[in-house]
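**Student:** Here it is, the structure, as structure tokens.
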């Protein structure tokens, strides 16, 4: 992953290097707005990032920060009433410029999504096999029998025990972890090059969560997929991701490699997130970020985090800071990037994970 | 599945017994004299007692009930002194006529209601949705007998397009037969259309909000494929109300059958109540109760075939 360019003027373009392969996914100035009684609400606000094939980008943020809306917009399943702008270029094709018909062809074949709650993501009145076979046949010219064989293959791939029997099962006959494996299997039927994961482990027990994370890591290496992994859980992001983008109020406020974000967070919001995390052996109460996330329909002109920020100064309220470079891959949308107020007791990546 | 059916049929027996007891009790409290219509004006008390004992009316209620029940179990519903026919024969003819009317009304009303409700649910807040929703409210609030009378005035009295009532025999030709059905079917299925459309719309709208719909779209399914999934998930409440609707229609609409002089169960029971023809009322009620029990069973079986989770509940 490389960078997020700030909006004009003179984006702080990070040089990916000429030798770097063409990115798998390049999202530029993505913006999603919903109509509400208070006017247009900007759920995703000029989000830009790049994802290389085989890498995992963890998108971290609290609920309402626009993480899910961003994934849905990339996939094209945002509510019809939403207003969308920007580009999302997958393998050289701008998904947002495609016709609805063409996007349907891309969904589930080149780009797939894994949903948060496996209890409700599957259609309850069709068997696992029916749902898998229908997905396979939607994208491949196969007989039912061939599709069933492929369904068996993907169920084996996601390590479901006795997959033949699961094909006949209805979702309600499976446990939560099993269902999430089925959901993942369904996303993988066409070997997508990009997987969008929307908090895929949040609804699961901790032990099941760890196993699903291991599975996704393994699959990513095995199939060479790029993954955008949305979560509110720093530990989960640190475990699975190569890079992390922190979202706040619809914008990416900081991004960098996992180590950079975890060891030397530069945005006060990121620091707040880290401090809110309980580390093993920690005695004192974790410190929550004071205040509440802003109303996305009534965003202030400046930094959206300013009202909650201990370091905010007048400029922060007035104009939105551009991205500032910390290291080649580490950027934060904060005036105080260089202020060396880096947490001395910086959380160790290993500790968090 | 067979086990479920057997168990449900077993459970139906007490239901039917209860219905028969209730209807006996209600009819016995009902004011009015079942003999009044049978006796001449100047009948003496002795005549009256003789007739009462002929009909078994002098025996106490529980005894009469038990002996009636014994006859019914053997398939004998008794004899109607008013109509001078066996009750089973009366019900047999009326039932066939009502079944024709109810069948056509149900097919017409349910298909139109489901189609309109689906269109309204899929294209929510569109003009089509508003038309359907508006029609459904009107259909539910306007009494069917009023519609029946308006139809009569317009199509029969004014335009002279349709016969005012009665039922044609198939020997008179299919056209004539169908012509007699038009108005009773429209007036009788109005409520069915309205209820079915509303329930279908609500259920489709709700199902479209389910998480799995996002997933279906994320898999790249075409919109019509998504609709297939939504439809199968949304059908449960539609089946439940449809079962009730068909039940009401098969029970025979007293109002519609009386207005259009359709010789069905509704008219039969209406006349029987007016004349205190107790045996006919009791038998008809029992038949309607049986119809409801069977329909509910059919609906439950359909529910399970659409939604396997309900196997546990059944």
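**Student:** For the range A:57-113, restrict the atom set to alpha-carbon positions and state the Rg and Dmax in Å.
**Tutor:** When restricted to Cα atoms, the range A:57-113 yields Rg and Dmax of 11.8, 33 Å.
**Student:** Counting only other chains, and only Cβ atoms inside 10 Å, what mean value do you get across the residues of B:206-217?
**Tutor:** 6
**Student:** May I have the extent of the alpha carbons of the range A:42-153 along their three principal axes, as whole Å values ordered from largest to smallest?
**Tutor:** The Cα atoms of the range A:42-153 stretch 46, 32, 32 Å along their principal axes.
**Student:** Separation between the residue B:178 and residue A:142 pseudo-spin-labels, each 7 Å from Cα along Cα→Cβ, expressed in nm?
**Tutor:** 4.8 nm
**Student:** For an R0 of 51 angstrom, estimate the FRET efficiency from the Cβ-Cβ distance between residue A:205 and residue B:168 and round to the nearest 0.05.
**Tutor:** 0.15
**Student:** Where is the GNM fluctuation largest for chain B (alpha-carbon springs, 10 angstrom cutoff): B:218, B:210, B:289?
**Tutor:** Looking only at B:218, B:210, B:289, the largest GNM fluctuation is found for B:218.
**Student:** Pick out which of A:116, A:255, A:159 has the largest mean-square fluctuation in a Gaussian network model of chain A, springs linking Cα atoms closer than 10 Å.
**Tutor:** So, out of A:116, A:255, A:159, the one fluctuating most is A:159.
**Student:** Continuing with the same structure: Over the whole of A:209-220, what's the average partner chain Cβ count within 10 Å per residue? Rounded to a whole number, please.
**Tutor:** 0
**Student:** For chain B, modelled as a Gaussian network with Cα springs under 10 Å, which listed residue fluctuates most, B:287, B:73, B:185?
**Tutor:** With Cα springs under 10 Å in chain B, the top fluctuation among B:287, B:73, B:185 is at B:73.
**Student:** Can I ask one more? How many percent of all Cα-Cα pairs in the protein assembly as shown sit more than 43 Å apart?
**Tutor:** 46 percent
**Student:** Okay, next question. Rounded, prolate or oblate: which fits chain A, taking a ≥ b ≥ c as square roots of the Cα gyration tensor eigenvalues, rounded meaning a/c under 1.5, else prolate when a/b beats b/c?
**Tutor:** Judged from the Cα gyration tensor, chain A comes out prolate (a/c at least 1.5, a/b above b/c).
**Student:** Report the label-to-label distance for residue B:150 and residue B:66 in nanometres (one decimal), using points 7 Å from each Cα along the Cα→Cβ vector.
**Tutor:** 5.5 nm
**Student:** So how far, in whole Å, is the C-alpha centre of the range A:190-219 from the one of the range B:132-202?
**Tutor:** The two parts, judged by their Cα centres, are 58 Å apart.
**Student:** Next up: Taking Cα centroids, how far is the range A:143-160 from the range A:66-88 in Å?
**Tutor:** If we compute the Cα centre of each part, the gap is 31 Å.
**Student:** Also, quick follow-up: Quick check: the angle from helix A:144-157's long axis to the longest principal axis of chain A, C-alpha only, nearest 10 degrees?
**Tutor:** 50 degrees
**Student:** Please list log₁₀ I(q)/I(0) at q = 0.16, 0.20, 0.25 Å⁻¹ for the range A:103-168, using the Debye equation with identical point scatterers on the alpha-carbon positions.
**Tutor:** Each listed q maps to, in turn, -0.57, -0.91, -1.31.
**Student:** Relative to the longest principal axis of chain B, what angle (0 to 90°, nearest 10) does the C-alpha long axis of helix B:265-274 take?
**Tutor:** 40 degrees
**Student:** What ranking of A:127, A:36, A:231, B:15 emerges when the number of other C-beta atoms within 10 Å of each C-beta is taken as an exposure proxy, fewest first?
**Tutor:** A:36, B:15, A:127, A:231
**Student:** Given 5 Å bins starting at zero, what is the percent of C-alpha pairs of the range B:83-178 in each, up to the one with the largest pair distance?
**Tutor:** The percentages, shortest bin first, are 2, 10, 11, 16, 17, 16, 12, 8, 4, 2, 1, 0.
**Student:** Quick one: Cα centre-to-centre distance for the range B:209-275 and the range A:107-142, in angstrom?
**Tutor:** A separation of 31 Å, based on Cα centres.
**Student:** Another question about this same structure. Can you tell me how much longer the chain between residue B:76 and residue B:8 gets when fully stretched, taken as 0.36 nm per residue apart minus their C-alpha distance, in nm with one decimal?
**Tutor:** The span from residue B:76 to residue B:8 would gain 22.0 nm if fully extended.
**Student:** Per 0.36 nm of contour for each residue apart, how much would the distance between residue A:235 and residue A:221 grow if the chain were fully extended, relative to their Cα-Cα spacing?
**Tutor:** 3.0 nm
**Student:** Can I ask one more? Taking Cα atoms, how many degrees apart are the long axis of helix B:45-54 and the longest axis of chain B, rounded to 10 and kept between 0 and 90?
**Tutor:** Relative to chain B, helix B:45-54 is tipped by roughly 50 degrees.
**Student:** Could you give the nm distance between label points at residue B:52 and residue A:97, where each point is 7 Å from its Cα heading toward the beta carbon?
**Tutor:** Each label point lies 7 Å from its Cα, and together they span 9.7 nm.
**Student:** Using 1/(1 + (r/R0)^6) with R0 = 51 angstrom and r between the beta carbons of residue B:83 and residue B:202, what's the FRET efficiency to the nearest 0.05?
**Tutor:** 0.70
**Student:** Only helical DSSP H runs with n ≥ 4 go in: add -39500 (n - 2.57) per run for chain B, normalise by residue count and round the 222 nm mean residue ellipticity to 500 deg cm²/dmol.
**Tutor:** Theoretical 222 nm ellipticity from helices: -24500 deg cm²/dmol.
Coordinate-derived values only; no laboratory data. Everything numeric in this text was worked out from a predicted model, so none of it was measured. Every residue, glycine as well, gets a Cβ built from its backbone with ideal geometry; the counts of neighbours run over all protein chains shown.
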